[in-house]
Amino acid sequence: MDEEEISHEFGMKSPNSQAYIESFFSSLKREFVEKNEFLNLNDLSNEFNVYLGFYNKLRPHGSLNYNSPIDFSQIHSNYEEVLVKP
């Protein structure tokens, strides 16, 4: 990573700071990597793009009340964010 001048950054430390990305990689491994074989990098790239479409458009997510991310976004796009002071 040093040769390519790539840095790895972490968000604020909290118990859930990495929960969503950990969940994504767990799903990716279980639903995509372990169930497929790829002929070459081009095949992998094409199939990965198909999986991402499925993951974001069709796959229900428990953390989104069992909606897909696209559906959840559309459902909540009509709501304004309300900030409440304690």
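The values are calculated or read from the model by the stated rules, or taken from the named source; none is laboratory data. All values reported here derive from a predicted model rather than from experimental measurement. Neighbour counts run over all protein chains shown; Cβ positions are idealised from the backbone, glycine included.
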task = Kindly list the number of the only condition in (1) modelled with pLDDT of 85 or more; (2) outside any helix (DSSP H, G or I) that fails for ASN56.
result = (2)
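Just one of SER73, SER26 is exposed (fewer than 11 other Cβ atoms within 10 Å of the Cβ) and among the hydroxyl-bearing types (Ser, Thr, Tyr); which is it?
SER26
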task = Report, by residue number, each residue of the range 20-37 that is closer than 16 Å to ASN49 by Cβ and modelled with pLDDT under 95.
result = PHE24
